[in-house]
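Undergrad: Structure in structure tokens, see below.
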Amino acid sequence: MDKKKFYITTPIYYPSDKLHIGHTYCTVATDAIARYHRLRGEDVMFLTGTDEHGQKIEDKAKEAGVTPQEFVDKIVCGERGVLDLWKLMNISNDRFIRTTDDYHVAAIQRIFKKLYDNGDIYKGTYKGKYCKPCESFWTESQLKDGKCPDCGREVQDAEEEAYFFRLSKYADKIQDLLENTDFLQPRSRVNEMVNNFIKPGLEDLCVSRTSFTWGVPVDFDPGHVVYVWVDALSNYITALGYENDKYDDYKKYWPADVHIVGKEIVRFHSIIWPAMLMSLGEPLPKHVFGHGWLLLDGGKMSKSKGNVVDPYILAEHFGVDALRFFLMRTFPFGTDGNFSNELLIQTINTDLANDLGNLVSRTTAMVGKYFGGKLPAGCGKWDTPESFDTELIALASGLRARYEEAMDAYAPHKALDEVFKVIQRANKYIDENAPWTLAKDMEQNGARLAHVMYNLLEATRICAILLTPFMPESMDKLFAQIGAGEDCRTWDSAAAWGGLSDAAAPTKGENLFPRVDMEKALQELEAAAEAARKAALPDIELEPQLTEQVDFDTFCKSDFRAVKVKACENVKKSAKLLKFTLDDGTGVDRQILSGIAAYYKPEELVGKTLLAIVNLPPRKMMGQESCGMLISAVHTEKGEEKLNLVMLDDKIPAGAKMC
Ligand code: MSP
């Protein structure tokens, strides 16, 4: 029999900056759902990738002094880039698409032409604002205080020739799709779309631009590039071979079972994308699921706010599986949630170290201690079960069905909650049976003790199967520790109590989830974040040169002289000031105060030949007079301000004029 197909996607990422924990959340969730379907034996296609075109990328590349392709290559394929992160996070995507891939570009040109040929794309004018010096088009909402957001100058009304997609034509059909089917989930997102976008009147969509070039060119009208969302959304079909020869499984996998997307891009996926597909005459995806955001201090994470959380730091610190688990366990998938390091550590300690970790280590240790690591054959059966035996067995036996219901409703947090109810029940079962008491009389209680151990291992096995999509690596290790072979790690065996052989030989292994010392970890995370922030800073930053000119005569009025340091000391009660006694060639000592105590010790300057401006009006600082100013060179290095006094050749006599 043919396996059931399951096609699942994540949004393809803008490689305009490195990915943060919010992006990681979305991809880990999709990965867990994809792994769940594989566990069920389905033929899964899981797609992710990068969305690499558009003005933002073009601008960022220009800023960085590289080509747009070089810019995106570095973020996608470079060290600690998108591909590295997905590898680290154990993301099991079957395919990775880049919208700059040749086959995708060619397919987009054909898709655009198809939409044009069937009359759904027409030429019109795009009205907006134009900044002449920057040669940039802006929409009203992009302006900053009504001015160009780049240079702050006045903008003027302008028009640009552009192609439009007849989105308005599909308004009724889309409304029907949203309101009368389960296409868009969770249901709460439907009203948002209908009330905010469809009811006010769907306007036709501008789908080409001529004011920048980093995009897929419209091949039948040079100068136009395809709107980035038309280009990006189509990835879901081009990656299967739609309108290209690179792949040939469009028929096999399309329509997608689900597009998992963040809430701010639900609009594109639930209005524009189905309209495009309707126009192309292709089937619609079965579901779009709009998940919530991970917030930081109640707000959205963004590079510009400087509040992004680096998934590399967290994964390296706590382990990939612990991080994956935390993301899925803590935040209800359809709504926003507040991320914090404290919450992450608490979850690791409570669920993984205490509940799951302890269950496994206590059980395997007891089997080692009381049975030499091997349970007696037949211990899976017990003729006169206690109520707590029945309760544990019933709870664990019914777990797969409850888990399945939650996973199928895209509620991984609920599925995990069900698993942890069983884990907690199993821990309680240890206390109820008090194995240490039973072990006091092995002759009398040995068989009962073996049965208790078997029940614990068996409940753990069922939980571990269902935790595999969330923590694949750790569950492999856990199976080995409880002595569960390949045949009893399957989806089918998760619904059948008794899958574990009663001759299993568990071994107490490494501690899978060590307890985290909250205070120490928080300090280490802060230090790691600070180090990463510093590493990302430019090596050297210079003050921009002044553009305002001074005339030559004004410049000549400044009297720069070589001065020799006769004495130098700290100014009392000032952390900043040094007091210099200087020979300026006049025969009368000159006193200058300079705010450089953070950079020099007084004794290292005595005897040096420095540069000073000597005709500034005297100033009082900390009650002392300063007659002139010493000249220094300043720059910023890795975010830290550096200062160096300008030192002259000692051959230059005191008082020599600089000109
Ligand atoms: N390129 C588009 C998607 C095109 S799909 C055809 C895009 N890219 S993105 O990089 O900006 O965002 C990718 C995904 O990350 C989106 O689903 C977005 O919602 C998600 N997230 C970005 N920040 C997030 C959080 N703080 N929390 C949760 N998800 C977040 O949009």
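Undergrad: Might you check whether a residue that is over 28 Å from the mean Cα position of the chain (by Cα) and not in a helix (DSSP H, G or I) occurs anywhere in the stretch 355-367?
TA: no
Undergrad: Please verify whether the stretch 194-204 includes one or more residues that are more than 25 Å from the chain's Cα centre (by Cα) and within 16 Å of the ligand (Cβ to nearest atom).
TA: Within the stretch 194-204, none of the residues are more than 25 Å from the chain's Cα centre (by Cα) and within 16 Å of the ligand (Cβ to nearest atom).
Undergrad: If Arg209 meets every condition in (1) within 16 Å of the ligand (Cβ to nearest atom); (2) surrounded by 21 or more Cβ atoms within 10 Å (Cβ to Cβ) apart from one, which number is that one?
TA: It fails just one condition, (1).
Undergrad: Out of all the residues in the stretch 179-200, which are among the charged types (D, E, K, R), surrounded by fewer than 17 Cβ atoms within 10 Å (Cβ to Cβ), assigned to a helix (DSSP H, G or I) and in contact (Cβ under 8 Å) with a residue 40 or more places away in the chain?
TA: Glu192 - this is the single residue of the stretch 179-200 that is among the charged types (D, E, K, R), surrounded by fewer than 17 Cβ atoms within 10 Å (Cβ to Cβ), assigned to a helix (DSSP H, G or I) and in contact (Cβ under 8 Å) with a residue 40 or more places away in the chain.
Undergrad: Thr554 fails exactly one of the following numbered conditions: (1) out of contact with any strand residue (DSSP E or B) (no Cβ under 9 Å at 6 or more places or on another chain); (2) β-branched (Val, Ile, Thr); (3) within 21 Å of Tyr600 (Cα to Cα). What is the number of that condition?
TA: Every listed condition holds for Thr554 apart from (3).
Undergrad: Being of a type in the set (Gly, Ala, Ser) and away from the ligand (no atom under 15 Å from the Cβ) is the filter; apply it to the stretch 241-284 and report the residue that is nearest to Pro11 (Cα to Cα).
TA: The selected residue is Gly241.
Undergrad: Which condition breaks for Ala406 when tested against (1) in contact with a His (Cβ under 9 Å, 6 or more places away or on another chain); (2) surrounded by fewer than 16 Cβ atoms within 10 Å (Cβ to Cβ); (3) of a type outside the set (Ser, Thr, Tyr)?
TA: Looking at each condition in turn, Ala406 falls short on (2).
Undergrad: Do you know which residues across the stretch 226-248 are in contact with a strand residue (DSSP E or B) (Cβ under 7 Å, 6 or more places away or on another chain) and either surrounded by fewer than 22 Cβ atoms within 10 Å (Cβ to Cβ) or modelled with pLDDT under 95 (or both)?
TA: Hit for the stretch 226-248 is Tyr227, nothing else.
Undergrad: Has the stretch 400-421 got at least one residue that is outside any helix (DSSP H, G or I) and closer than 16 Å to His451 by Cβ?
TA: The answer is no; no qualifying residue exists.
Undergrad: Here's another thing I want to ask about it. Show the residue pairs that are 6+ apart or on different chains and have beta-carbon atoms under 6 Å apart, the first residue being within the stretch 1-23 and assigned by TED's automatic domain parsing to the domain that holds His259 and within 6 Å of the ligand (Cβ to nearest atom), the second being among the charged types (D, E, K, R) and part of a loop (DSSP other than H, G, I, E, B).
TA: Sorted first by the residue in the stretch 1-23, then by its partner, the pairs are Ile12/Asp51; Tyr14/Asp51.
Undergrad: It is to be established whether one or more residues within the stretch 317-325 are within 12 Å of the ligand (Cβ to nearest atom) and surrounded by fewer than 18 Cβ atoms within 10 Å (Cβ to Cβ).
TA: There is no residue in the stretch 317-325 that is within 12 Å of the ligand (Cβ to nearest atom) and surrounded by fewer than 18 Cβ atoms within 10 Å (Cβ to Cβ).
Undergrad: Now a separate question. Any residue that is under 20 Å from Glu264 (Cβ atoms), charged (D, E, K, R) and out of contact with any Pro (no Cβ under 7 Å at 6 or more places or on another chain) - is there at least one of those in the stretch 202-215?
TA: Yes, the conditions are met somewhere in the stretch 202-215.
Undergrad: Taking Asp389, is it within 18 Å of Glu458 (Cβ to Cβ) and buried (at least 17 other Cβ atoms within 10 Å of the Cβ)?
TA: yes
Undergrad: Just give me the residues in the stretch 161-178 being crowded, with 17+ Cβ neighbours inside 10 Å and part of a strand (DSSP E or B), in sequence order.
TA: Listed by number, the residues that qualify are Ala162, Tyr163, Phe164, Phe165.
Undergrad: Shifting gears a bit: Would you be able to say whether some residue in the stretch 30-44 is of a type in the set (Phe, Trp, Tyr), farther than 25 Å from Gly241 by Cα and near the ligand (Cβ under 8 Å from one of its atoms)?
TA: No, because not a single residue in the stretch 30-44 is of a type in the set (Phe, Trp, Tyr), farther than 25 Å from Gly241 by Cα and near the ligand (Cβ under 8 Å from one of its atoms).
Undergrad: Among the residues of the stretch 72-84, are any closer than 26 Å to Leu327 by Cβ, free of Cβ contacts under 8 Å to residues at least 40 places away in the same chain and under 13 Å from the mean Cα position of the chain (by Cα)?
TA: Within the stretch 72-84, one or more residues are closer than 26 Å to Leu327 by Cβ, free of Cβ contacts under 8 Å to residues at least 40 places away in the same chain and under 13 Å from the mean Cα position of the chain (by Cα).
Undergrad: Conditions: (1) within 13 Å of the ligand (Cβ to nearest atom); (2) at pLDDT 95 or above; (3) in contact with a Ser or Thr (Cβ under 7 Å, 6 or more places away or on another chain). Ile91 meets all but one. Number of the miss?
TA: (1)
Residue-wise test of (1) closer than 26 Å to Lys657 by Cβ; (2) under 33 Å from the mean Cα position of the chain (by Cα).
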position	(1), (2)
Lys520	no, yes
Ala529	no, yes
Val550	yes, no
Val563	yes, no
Lys566	yes, no
Lys572	no, no
Asp584	yes, no
Gly587	yes, no
Gly595	yes, no
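Undergrad: Filter the stretch 39-71 down to the residues that are among the aliphatic types (A, V, I, L, M) and touching a residue at least 12 places away in the same chain (Cβ under 8 Å), then identify the one that is farthest from Ile260 (Cα to Cα).
TA: Ala61
Undergrad: Another one. Inside the stretch 169-192, can you point out the residues that are in contact with a Leu (Cβ under 6 Å, 6 or more places away or on another chain) and closer than 30 Å to Lys144 by Cα?
TA: Across the stretch 169-192, there are no qualifying residues.
Undergrad: Restricting the search to the stretch 285-295, which residues are more than 12 Å from the ligand (Cβ to nearest atom) and either surrounded by fewer than 18 Cβ atoms within 10 Å (Cβ to Cβ) or more than 28 Å from the chain's Cα centre (by Cα) (or both)?
TA: Listed by number, the list holds a single entry, Lys286.
Undergrad: Within the stretch 145-160, restricting attention to residues that are of a type in the set (Asp, Glu) and outside any strand (DSSP E or B), which residue is surrounded by the fewest Cβ atoms within 10 Å (Cβ to Cβ)?
TA: Checked the stretch 145-160; the qualifying residue surrounded by the fewest Cβ atoms within 10 Å (Cβ to Cβ) is Asp145.
The values are calculated or read from the model by the stated rules, or taken from the named source; none is laboratory data. Everything numeric in this text was worked out from a predicted model, so none of it was measured. Glycine gets a Cβ as well: all are built from the backbone with ideal geometry, and neighbour counts include every protein chain shown.
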